[in-house]
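Structure first, then comments.
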Amino acid sequence: MKSILLQLAAALLLAACTQAAELRRPNILFILTDDQSPFDFKFHNPQSTLDSPTIDRLASSGMIFDSAHHMGSFSGAVCTPSRHMIMSGRTVWHLPLSPGAEKCPPRLEQNTIAAVFNRAGYATMRTCKQGNSYAAANKQFSVVHEAVKRGDTDETGSAWHAERVLDYLGDRKAKKDTRPFFINFGLSHPHDTRDGTPELLAKYGAINHKDQSAVPPTNPKQPTLPPNWLPAHPFDNTDMGVRDEKSVSGVWMHRDEATIRNEIGREYACSENIDIQIGRVLTRLEEMGELDNTYIFYTADHGIAIGRHGLQGKQNLYEHTWRVPMIVKGPGIKPGRARGNIYLGDLLATFCDLTGVAPPATNEGISFKPVLFGDKQTIRDTLYGVYNGGAKPGMRSVKQGDWKLIEYESTSSGVRETQLFNLKDNPHELLAEHHDAKVTAVAGTSPTKLQVNLAKDPQHATKLAEMRALLLAEMRRLNDPWRFTDQPDEGLESL
């Protein structure tokens, strides 16, 4: 009889432990960097020399997204609408600071990430840069640390943000706080000014260049030029005078090889430092027994050019800038990669879906949990992008499958350009200007099949018309308040 009672007690204990484990809600660690191209990483660009072992391990043990994008910007400060979309799950023309903001519901901050997870019983914490963000949403986190940390020391650089997370986790342990957490671990780098630590700068052969009148020294340790580097962009893209294209310390308006290789070296130094700091946080979570119950998201608010296509900043719609790195690792996610076709604005819906939290009614994003769990490869067929922080209507892009269209127009200067790319055949979006007199073909490509803009190729006229129709449909669907002169004006007022 005693044996039977002991067996019953053990069974009840096991059942109780199993139920408790099932009821234990997962944590979220959301890592957001500032200005980082996906092509900095080996898992997107095998030629990259960036040493990022922690992030690479996340990539090899989690899900890599090959088509993750920010939706775009109506401001030169691309960070700001991007971070509004992340926090709110709203589309680009439906934000409180968008042109036509009347489409945004009042008090939206009460339905942003931290507010939603606070109501669901989560402990919420944020450390990130200050400014160019969504201040009202950021204030909803229970613990907030904000500072711009782009220096070359632990106190002035990325280690400062890591210390805030480590302090928070230590305080949580001391108080025996068992609530699930949502931590927004934001970094101020690799956004300029890219002042790397001395030891990491030396590793990449770079210096924190300060002299605008001279080019930095060359060094064989510096990263090589990207394959789509140009000394200048071949045409006015409607905002060539924006701050990022002429005033970034260390680059300014120079696009020569020495300057760009040094600047990429500086970026890699900052990015490796970020990798080190992430490693410290993950080690602490493992020591606390929280790592296996935590979904880890790694991404950036947008990409960056740094010499690609002769550009420097984030005010363009080439893949190096429109796309973002995206890795997700956590319970139930098998290692792999998917196209995804996701926006940063889908994050709120996905956070909610993974944790069983109800998304707010104001959310317009789509959960990509089905992709994370291997049920789908994509959550949408078509992607739309905008930049018109300069002349109007500016730039628009649409992507479907392997095909991508970019339209440029300034009604004030008369600029009108069109680019059509097949990204399978031309992944770097190479232009005729990338093929100088000494280059008759891209490596492995015959001279008759140069990787170039196909917009003026008669053989692709049908595809061009198809993509233009698709772009117009997306502009209408998303309430884009502008039109190009060859599109129906539809009675829209110029804003």
Selection within the stretch 413-466 - of a type in the set (Val, Ile, Thr), more than 29 Å from the chain's Cα centre (by Cα) and modelled with pLDDT of 90 or more: THR462
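Mind checking whether some residue in the stretch 467-489 is at pLDDT below 80 and not assigned by TED's automatic domain parsing to the domain that holds GLY307? Talk me through it step by step, then tell me what you get.
We begin by selecting, within the stretch 467-489, every residue at pLDDT below 80; these are none.
Looking for residues that are at pLDDT below 80 and not assigned by TED's automatic domain parsing to the domain that holds GLY307, one finds none in the stretch 467-489, hence no.
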Residue pairs meeting the criteria (Cβ under 6 Å; at least 6 apart or on separate chains; first under 11 Å from GLY336 (Cα atoms), in the stretch 50-62; second surrounded by fewer than 16 Cβ atoms within 10 Å (Cβ to Cβ)): SER61/PRO335
VAL143 within 22 Å of the chain's Cα centre (by Cα) and not basic (Lys, Arg): no
Selected residue (criterion: nearest to HIS84 (Cα to Cα)) from residues of the stretch 31-48 that are assigned to a loop (DSSP other than H, G, I, E, B) and under 12 Å from the mean Cα position of the chain (by Cα): ASP35
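Any idea which of GLY365, GLY390, GLY374, GLY356 is more than 30 Å from PHE181 (Cβ to Cβ) and not charged (D, E, K, R)? Steps first, please.
Details: GLY365 fails: more than 30 Å from PHE181 (Cβ to Cβ); GLY374 fails: more than 30 Å from PHE181 (Cβ to Cβ); GLY356 fails: more than 30 Å from PHE181 (Cβ to Cβ).
After ruling out the rest, the residue left standing is GLY390.
Quick one: is SER133 of a type in the set (Ser, Thr, Tyr), in contact with a Pro (Cβ under 9 Å, 6 or more places away or on another chain), over 17 Å from LEU29 (Cβ atoms) and buried (at least 17 other Cβ atoms within 10 Å of the Cβ)?
On the way: of a type in the set (Ser, Thr, Tyr): yes; in contact with a Pro (Cβ under 9 Å, 6 or more places away or on another chain): no; over 17 Å from LEU29 (Cβ atoms): yes; buried (at least 17 other Cβ atoms within 10 Å of the Cβ): yes.
Answer is no for this residue.
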Neighbours by Cβ (under 6 Å, 6+ apart or cross-chain): first from the stretch 167-193, in a strand (DSSP E or B); second among the aromatic types (Phe, Trp, Tyr): PHE182/PHE117; PHE182/TYR122; ASN184/PHE30
Some residue of the stretch 238-255 being in a helix (DSSP H, G or I) and among the hydroxyl-bearing types (Ser, Thr, Tyr): no
Tally, over the stretch 326-346, of residues that are assigned to a loop (DSSP other than H, G, I, E, B) and either surrounded by 24 or more Cβ atoms within 10 Å (Cβ to Cβ) or of a type in the set (Asp, Glu) (or both): 1
Test: residue in the stretch 275-294 that is at negative phi, surrounded by 20 or more Cβ atoms within 10 Å (Cβ to Cβ) and in a loop (DSSP other than H, G, I, E, B): no
Every residue from the stretch 49-66 that is surrounded by fewer than 20 Cβ atoms within 10 Å (Cβ to Cβ) and either modelled with pLDDT under 95 or assigned to a loop (DSSP other than H, G, I, E, B) (or both): THR49, ASP51, ASP66
Top-ranked residue in the stretch 347-380 [being surrounded by 20 or more Cβ atoms within 10 Å (Cβ to Cβ) and aromatic (Phe, Trp, Tyr); ranked as farthest from ASP402 (Cα to Cα)]: PHE351
Every residue from the stretch 72-120 that is over 23 Å from VAL357 (Cβ atoms) and in a loop (DSSP other than H, G, I, E, B): PHE74, SER75, GLY76, ALA77, VAL78, LEU97, SER98, PRO99, GLY100
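The values are calculated or read from the model by the stated rules, or taken from the named source; none is laboratory data. Source: prediction; values computed, not measured. All Cβ positions, even for glycine, are placed from backbone atoms using ideal geometry, and neighbour counts span all protein chains on display.
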